[in-house]
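Notes follow once the structure below has been shown.
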Amino acid sequence: MVKLAEWRGKEVFRKYGIPLPRGHVARSANEVESLVRSGEVPLPCVVKAQVLAGGRGKGGAVKFANSPEEARSAASAILGLSFKDETVKEVLVEEKLPIAKEFYLSVALDRALRLPILIASAQGGVEIESVDDAQIVRQPIDPFPGLTGYQKRRTAEVLGLSGDPARALDRLLDGLWRVFTAEDAELVEINPLAVVRDALVALDAKVVIEDDAAFRHPEYAEIRDDRTPLEEIAREKEIAFVQLDGNIGVIANGAGLTMATLDVLKEFGGSPGVFLDLGGTDDPKKVTEAFLLMAQARPKAVFLNIFGGVTRCDTVANGLVAAMQQVPPSDRFPIVARIRGNNEKEGIDILRAAGVTSNPSLKESAQSAVALAKEAS
Ligand code: GDP
Ligand code: MN
């Protein structure tokens, strides 16, 4: 999933003719001050943290300013702030517009309907989750004809627009739909879409690009900022490694067994923290590399659940033992192993020699991983 920061989303909007406030992205308070002083961004202005999380308005990450000095201090207050686990490195400075009304508008992918869906509400400017369902209108879009004239008129009606603003909405909806399709988005959201005099202006932009279309969009390759630093290293090494919130590390092979192992740990009250899918590796060095990444994520316990096929049990055991020797004693964690399949006996012997016993029962192994993680926390 590639989530674009607001200013990048707005650059995309601009390409498709969606009206926006005048503004500029900046990375320092100095830069903000000179953008305002030079008149490139008119006063009064808004300074907005460029983070991926929403709720910036309520969270103090959007500030208004009436002078270049105020814009500068607003930027200093926001830059470097930690907002919902993200450090603010960029701000967007924009002209502050007089808002008459705020709407919500988005095109999203409805997985249950298997269709794109146009969502509109006259209650904008707040998180859509908090809007009364009766105030939200959802219209599925047939992707072949795309948005129809009827759907656009219906949206104008929902938002209470007629005349010039309704005509502006018509053009804006065409732009929104083109962003969704041409950019391979899975979500394009404007919240708030503001009525400013007789015009409509997108005050916020949220664009999420579909992962499977990434190959068509090399321009987004540099901004996949949803990966953790360890996940980034893993990707470079072509290791399937995912970090979650829990404290138990899972090493398994194949997506099916890996997912099932996460489920079983949950079932017994555990919370998986990182998982590694060894896939069809037959190289103990690869296993060692993967395991060392796992160690850096500092799990409280690790559950190794391997079904040996192409990935032989002894390969995994050798890779694991080599890695364990490289982890300093202070960073070690208990390992629960369950290895079955190809070269099972050899694998079990190698592990036993290194002090790790393998238990053939999935239930008992999972329970003991959960207990060990609880003990260590
Ligand atoms: P979010 O809270 O993270 O979704 O950030 P938004 O970009 O939606 O901004 C939060 C709020 O700031 C909006 O709902 C507006 O009420 C306000 N805001 C943003 N830009 C302007 C502007 O140009 N003029 C005015 N008056 N308010 C603005
Ligand atoms: Mn918003």
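Where a number appears in this text, it was derived from the coordinates with a stated rule and is not lab data. Remember, predicted model here, so these are calculated numbers, not experimental data. Note that we place each Cβ from the backbone using ideal geometry, even for glycine, and neighbour counts take in every protein chain shown.
General observations
- For segment 137-279, the spread of Cα coordinates along the three principal axes comes to 61, 35, 31 Å, biggest extent given first.
- Backbone amide hydrogens, once placed in the peptide plane, bring GLY59 within less than 5 Å of nothing, excluding anything fewer than 5 places away on its chain.
- Summed residue charge, Cβ within 14 Å of LEU265's Cβ, Lys/Arg positive, Asp/Glu negative: +1
- Taking the charge dipole of segment 167-221 about its Cα centre, with +1 at Lys and Arg Cβ atoms and -1 at Asp and Glu Cβ atoms, the residue from ALA221, ALA168, VAL188 reaching farthest to the positive side is ALA168.
- Cα-projected label distance for LEU109 with ARG197, points at 7 Å along beta-carbon direction, nm: 4.0 nm
- Gain on full extension, evaluated as 0.36 nm per residue between ARG153 and VAL310 minus their Cα-Cα distance, stands at 50.7 nm.
- Helix 362-376 vs. the chain, principal-axis angle (Cα, 0 to 90°, nearest 10): 70 degrees
- Around the amide H of VAL250, modelled in the peptide plane, lie the amide H atoms of GLY273, VAL274, PHE275, LEU276, PHE303, all under 5 Å away and 5 or more residues distant in sequence or on another chain.
- Over segment 1-160, Cα pairs under 8 Å with separation of 6+ residues give a relative contact order of 19 percent.
- Counted without the sites themselves, the longest stretch of the chain free of GluC sites (Glu not before Pro) in a DSSP loop having at most 15 other beta carbon atoms within 10 Å is 239-377.
- Net charge of Cβ neighbours under 13 Å - reference LEU203; Lys, Arg +1; Asp, Glu -1: +1
- With Cα atoms, 0 to 90° folded angle of helix 163-182 axis to the chain main axis: 30 degrees
- Sparsely packed trypsin sites (Lys or Arg not before Pro) within segment 20-65, loop by DSSP, other Cβ within 10 Å at most 10: LYS58
- Largest first, the extents of the alpha carbon coordinates of segment 216-338 on the three principal axes equal 43, 33, 32 Å.
- Sequentially through segment 3-17, phi angles give Karplus couplings (6.51, -1.76, 1.60; θ = phi - 60°) of 9, 8, 4, 3, 5, 6, x, 5, 4, 5, 4, 4, 4, 9, x Hz, Gly and Pro residues having no value and appearing as x.
- Applying the criteria of a DSSP loop state and at most 16 other Cβ atoms within 10 Å to the chymotrypsin sites (Phe, Trp or Tyr not before Pro) of segment 236-327 yields PHE268.
- The modelled label-to-label distance for the pair LEU362/ILE136, using points 7 Å beyond Cα in the direction of Cβ, is 3.6 nm.
- Per-residue Karplus couplings for segment 50-58, computed as 6.51 cos²θ - 1.76 cosθ + 1.60 with θ equal to phi - 60°, are listed in order as 9, 10, 7, 6, x, x, 5, x, 6 Hz, Gly and Pro entered as x.
- Computed from phi, the 3J(HN,Hα) profile of segment 39-47 under the Karplus parametrisation 6.51, -1.76, 1.60 (θ = phi - 60°) reads x, 4, 10, x, 9, x, 9, 10, 10 Hz, with x in place of Gly and Pro.
- Residues with amide H under 5 Å from that of VAL310, placed H, sequence gap 5 or more: none
- Positive dipole terminus of the chain, leading residue within ALA65, LEU159, GLN296 (C-beta point charges): ALA65
- Binning all Cα-Cα separations of segment 1-157 at 10 Å, short to long from zero, yields these whole-percent fractions: 10, 32, 33, 18, 7, 0.
- Cα point-scatterer Debye curve for the chain, base-10 log of I(q)/I(0) at q = 0.11, 0.14 Å⁻¹: -0.87, -1.08
- A simple count of charges around ASN253, restricted to other residues whose Cβ falls under 14 Å of its Cβ and scoring Lys, Arg +1 and Asp, Glu -1, yields -1.
- One chain, two ends: PHE215 and SER67. Fully extended at 0.36 nm per residue, the span grows by 48.9 nm beyond their Cα-Cα distance.
- Helix-only CD estimate at 222 nm, as mean residue ellipticity for the chain, using -39500 (n - 2.57) per DSSP H run (n ≥ 4): -11000 deg cm²/dmol
- Between the Cα long axis of helix 313-326 and the first principal axis of the chain there is an angle of about 80°, rounded to the nearest 10.
- If you look at the Cα atoms of segment 47-138, you get an Rg and a Dmax of 16.3, 51 Å.
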